[in-house]
1. Starting from 0.36 nm per residue, how many nanometres of slack lie between Ser64 and Leu30 once their C-alpha separation is accounted for?
2. Sort the chain into rounded, prolate or oblate with this rule: let a ≥ b ≥ c be the square roots of the eigenvalues of the Cα gyration tensor; rounded if a/c is under 1.5, and if a/c is not under 1.5, prolate when a/b is larger than b/c, oblate otherwise.
3. How far apart, in nanometres, would the label points at Gln57 and Ile39 be if each is projected 7 angstrom from Cα along the Cα-to-Cβ direction?
4. What angle do you read, to the nearest 10 degrees and between 0 and 90, between the alpha-carbon axis of helix 21-32 and the longest principal axis of the chain?
5. For the chain, what does -39500 (n - 2.57) per DSSP helix run (n ≥ 4), summed and divided by total residues, give at 222 nm, in deg cm²/dmol to the nearest 500?
6. Let's see if you can work this out: charge +1 on each Lys and Arg Cβ, -1 on each Asp and Glu Cβ, no other charges. What is the dipole magnitude of the chain about its Cα centre, in debye to the nearest 20?
7. Would you work out which of Gly37, Asn6, Ala24 lies farthest towards the positive end of the dipole of the chain, given +1 charges on the beta-carbon of Lys and Arg and -1 on that of Asp and Glu, about the Cα centre?
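Please treat every number below as a calculation from the coordinates, not as lab data. Predicted model only: the values in this text are computed from it and were never measured. All Cβ positions, even for glycine, are placed from backbone atoms using ideal geometry, and neighbour counts span all protein chains on display.
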Amino acid sequence: MNINVNCEKGHRQRLIIAGPREHAEGLAELLDGSSPGYIDAPGVDSQIGKCGICGSQLTATVES
């Protein structure tokens, strides 16, 4: 499985995950801040789901 992580400004990263699709989907949700495992939604000042280079919002998608 591949997880493609992109930010609004165009920075990209690809992670290659060995294992079931559910694990890749769970990691993708943690990366972009959409995981139901977060007790509260990440706030404006939170770095969860933000690009480490420019600080814009991340989108993580899983492809097989």
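1. 10.4 nm
2. oblate
3. 2.5
4. Relative to the chain, helix 21-32 is tipped by roughly 10 degrees.
5. The helix-only estimate for the chain comes to -6000 deg cm²/dmol at 222 nm.
6. Approximately 280 debye in magnitude.
7. Asn6
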